[in-house]
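Below: the structure, in C-alpha cells.
The values are calculated or read from the model by the stated rules, or taken from the named source; none is laboratory data. In this text the structure is predicted, and so the values were computed from the model without any measurement. As a convention, Cβ positions derive from the backbone with ideal geometry for all residues, glycine included, and neighbour counts pool all protein chains shown.
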Amino acid sequence: MDLFAGLGGFHVALDELEGRGVFAAEREPILKALYKVNFGIDAWGDLNDLSSDEIIACHVPDHHVLTAGFPCQPFSKAGDQLGFKDTNQGNLFFKVHDILRVKRPRFFILENVPNILKHDGGRTKTKIIRMLQKLGYSVDVEHFSPHEFGIPQVRDRAYFVGSIDGLDHFEWPAKHKAPTEIHWVLRHDVPSSRPIPEQTMRAIDMWGDFLRRAPTSLKLPSFPIWSMEFGATYPYEDETPSGVWARRPVWGLRQMGFKGSFGQSLEGTIDEQITRIPSHANRGGDFDFPRWKRTFIRQNREFYQANRSWIDPWLAQWSPQNFYSSFQKMEWNAQGEDRDIDNFVLQMRASGLRVKRPTTSPSLIAFTQTQVPILGANLAGERRYMTPAECAELQCLGEIQLPASDLDAYKALGNAVNARVVKAIAERLLHGLIRPLSSTISDFEPLRATA
Ligand SMILES: C[S@@+](CC[C@H](N)C(=O)[O-])C[C@H]1O[C@@H](n2cnc3c(N)ncnc32)[C@H](O)[C@@H]1O
C-alpha cells in the first residue's frame, strides 16, 4: 500500500521482499501513469478525494503494510515550515492517519525530511507519535542516510515505523561508516548527455586554474571563496552600502575612497554604484549584515591581500567579473585532496561552484538544469552531467522507467525514497509477514558499479 507513491521507492523495496502491492495513490499524472507502466497498478489520484471513512472503506483494499512518504515541504528547512498549519500539504499526514484508523494494517513505514523531528521545537514529532499510538500502534522513529548503507549519496531522512503487535521484535538496521565512492553508480555507456553550457565550462576551467595556481603549501579556504570581494573595500562592518545610499542619497559612495567588487571604481551615479557592489551586499534596506556575511567578506578580503601575487594574474587572465555572479564564487569541499578540478564532483549552485570529493553525490533534489551534478573528466572520461539513470541508481530504484523529460525525472528522483534503506528497515519490521530475517536479509554490502 503505497501512498504518495511518486516513482515507487517503497514499492521497489517491498517487491524485493516478495510483497505484493494492492493500492497506490499519486496525484501527478506523469508519475501516476508511470506507476502503471512500472508496477501494473492503476494508482488512485488525489488522496484528498478519500474524504470520508465510508469512501476509504469502500476504495482502499485491506492490506498488511502501509507506506507513505507524505509531502515534506511543510516540515522542510527549505520551506516556510508551516507544518500541520499548511492547509495544502501539511494536513496530508491526517489523511494517512485516517486510512490507518479505518483499515488498521499491521505495520506502517512513513518517511519524511529529518527536520520533522525538530520542527516546532519537537512538538510535531511528539504529536505524530501520540496520534499513531492512540490508534493502537507501537511507534518508533530514527533517521538514516543511504551512505550509511554503502550507497554514495548523503541524504538524511526520518523514518517512523509502527506495528500493531508491538515492536519488541524490532531493531533498527545498523549504520555503517565504510566510505563510498560515486563511481559505483556511474555508467560508461552513457548516450550523448546534455552538453555543458560554454559559460559553465569556462567557469570550471577558471576555478580549475585557480586551484592550480594556489601554492601547494597554502591551505585553501574552507569558507566560500567570493572572488568579487578581491580588491573590494566598500563598508560592511559598521555601515553597509545601502546605509550610505540612504544617508547620502545624491552622492552615495562617491568620493569616499571605497572600491566595489573586483576593486571597481565607485565614482559614478548611484545606479552605477549598485551594479558595482556584489549582489550579496547591494540590496536596498540592508543596513546591517548578519555576522556570517561580515565574516565571509572579511575572510575573503584578507585572503586576497595575503595572496595577491598569484591571484592578480589569475584575475587578469579570466576576468571573473564577466561571469554570472554565482559563477564568481567557489566552495572547496575537498580539503587535503590533489587540486585537479577534474577529480571532483562539481555542482553549480546559487552559492557558487561547489567542488566535492567523489565519495558521494550531492543529495538528490528537484535539480534545475544548472544544478545537476557534473562529473569531472577524470571520473567520467570527459566532463558531463550525471544522468537520471545514475541518479536512479543512487535511489536504488533498479531498472524502473523514469519520466521522459530529464527535469521531471530529476524532480521525481529528488522526491523519491531510497529503496535500499526502506528494504533494510522493512525486513526487520515485517515480522511474520516475510520469511525470517536470516534467509532474506540483505545485510550491508556496498553498492558496486552495475554497468
Ligand atoms: C515526497 S514524494 C514521495 C515519493 C515516493 N516515496 C517515491 O519513492 O518516489 C510525495 C509525492 O506525493 C504526491 N502527492 C502530493 N500530494 C498528493 C495528494 N494530495 N494525493 C496524492 N499524491 C500526492 C506528490 O506528487 C509526490 O510524488
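For this structure, a couple of remarks:
- Subset of the range 403-438 (residues that are modelled with pLDDT of 90 or more, out of contact with any strand residue (DSSP E or B) (no Cβ under 9 Å at 6 or more places or on another chain) and in a loop (DSSP other than H, G, I, E, B)): 403, 404, 405, 416
- Number of the condition not met by residue 225 [criteria: (1) out of contact with any Leu (no Cβ under 8 Å at 6 or more places or on another chain); (2) farther than 23 Å from residue 378 by Cβ]: (2)
- Evaluated against (1) farther than 25 Å from residue 433 by Cβ; (2) without any contact (Cβ under 8 Å) to a residue 40 or more places away in the chain, residue 41 falls short on exactly one condition, (1).
- Subset of the range 201-244 [hydroxyl-bearing (Ser, Thr, Tyr) and either exposed (fewer than 14 other Cβ atoms within 10 Å of the Cβ) or modelled with pLDDT under 95 (or both)]: 216, 217, 222
- Qualifying helices (runs of 4 or more DSSP H) (wholly inside the range 1-71; at least 3 residues being more than 17 Å from residue 103 (Cβ to Cβ) and within 13 Å of the ligand (Cβ to nearest atom)): 9-16, 29-39
- Matching residues in the range 403-420 - criterion: being within 10 Å of the ligand (Cβ to nearest atom) and among the aliphatic types (A, V, I, L, M): 412, 413, 416, 417, 419
- Residue tally, condition over 18 Å from residue 67 (Cα atoms) and either of a type in the set (Lys, Arg) or surrounded by fewer than 14 Cβ atoms within 10 Å (Cβ to Cβ) (or both), over the range 21-32: 1
- Here is the figure for the range 301-341: residues that are modelled with pLDDT of 95 or more, of a type in the set (A, V, I, L, M, F, W, C) and within 22 Å of residue 219 (Cβ to Cβ) total 9.
- When the range 14-33 is filtered for residues that are touching a Ser or Thr at 6+ places or on another chain (Cβ under 9 Å) and closer than 17 Å to residue 414 by Cα, only 30 remains.
- Only one entry of 330, 256 meets the criterion of being touching a Phe, Trp or Tyr at 6+ places or on another chain (Cβ under 6 Å) and surrounded by 13 or more Cβ atoms within 10 Å (Cβ to Cβ), and that entry is 330.
- Residue that is surrounded by the most Cβ atoms within 10 Å (Cβ to Cβ) [pool: residues in the range 109-124 that are among the β-branched types (Val, Ile, Thr) and within 13 Å of the ligand (Cβ to nearest atom)]: 116
- Counting only residues that are part of a loop (DSSP other than H, G, I, E, B) and touching a strand residue (DSSP E or B) at 6+ places or on another chain (Cβ under 6 Å), the range 92-121 holds 1 of them.
- Test for residue 160: is it crowded, with 17+ Cβ neighbours inside 10 Å and either under 23 Å from the mean Cα position of the chain (by Cα) or in contact (Cβ under 8 Å) with a residue 60 or more places away in the chain (or both): yes
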